[in-house]
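Below is one structure, written out as structure tokens, with a few remarks after it.
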Amino acid sequence: FQIKLKKIPTGPLFLGCELEHAIKVGKLTKGLVGFLLAMVRRINPGFHYSWGPTDVPDADLLESGNYEKTHLSFPVEASMDRIVITKPGETAPTLGQELFESNESVKRRRKHGAGSVEWNLENTYTMCLWSAYMDWITWKSMNVPGVSPFSLSRVTGTQPVYLCVYEISSV
């Protein structure tokens, strides 16, 4: 995906994947998904997730926004497989094609995380995220040792997934 920032971040940036509604899964599925999420956390130390509220939040809680929806979030700089920075006047990479970033740049971002990309309001940032354990296009889990591939719709249902980039300035 490609973004241009409207504001320079003062804290680390995160990519969030949020569901509109809480998910209802059985203990076996929740255990399997918990195992997969633990694998993700080992690869991405800043990874965070929440199963969301156990009950539908009441009107006061909804209005205050003081609860977490079901979500996953990743630190952008350390988790993206590629980040390509395009300066004004240059042509940004075409989405859907391979992105090229030097191995040194990738290693630096993964090692240092927040602060390894100089964010500004002029550049265009093209990023991609891939995984050997997830097929984003078919929405399936795959290549998990001892687990047959399965559709993530078994976990999320048929609701939309919202993607956002946000900062947490207090971290």
What distance in nm lies between label points placed 7 Å from Cα along the C-beta direction at residue 41 and residue 112? 2.8 nm
For the chain, the longest principal axis of the Cα atoms and the Cα long axis of helix 27-43 enclose an angle in degrees, to the nearest 10, of 20 degrees
Stretch residue 67-residue 10 to full length: gain in nm at 0.36 nm per residue minus the Cα-Cα span? 18.2 nm
Going by alpha carbons, how many degrees (0 to 90, nearest 10) lie between the helix axis of 103-112 and the longest principal axis of the chain? 60 degrees
Per DSSP H run of n ≥ 4, the term is -39500 (n - 2.57); total these for the chain, divide by its residue number, and report the mean residue ellipticity at 222 nm rounded to 500 deg cm²/dmol. -6500 deg cm²/dmol
Hypothetical label at residue 21: residues of the range 146-171 whose amide nitrogen lies under 15 Å (7 Å Cα-Cβ projection): 153-162
What accessible area per residue, rounded to a whole number of Å², is obtained for the range 64-159 using a probe radius of 1.4 Å? 61 Å²
Cβ charges +1 (Lys, Arg) and -1 (Asp, Glu), total dipole of the range 43-165, debye: 540 debye
So which aspartates and glutamates can residue 24 reach, going by Cα to Cα under 16 Å and dropping same-chain residues fewer than 8 places off? 55, 68
Going through 7/107; 69/107; 27/111 one by one, the pairs whose alpha carbons sit over 30 Å apart turn out to be 69/107; 27/111
How large is the convex hull of the Cα atoms of the chain per residue, expressed in Å³ as a whole number? 141 Å³
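The values are calculated or read from the model by the stated rules, or taken from the named source; none is laboratory data. Computed from a prediction, not measured in an experiment: that's the story for all the values here. In this analysis, Cβ positions are derived from the backbone assuming ideal geometry, glycine residues included, and neighbour counts consider all displayed protein chains. Note: areas computed on protein heavy atoms with side chains; ligands, DNA, RNA excluded. Shrake-Rupley method; radii C 1.70, N 1.55, O 1.52, S 1.80 Å.
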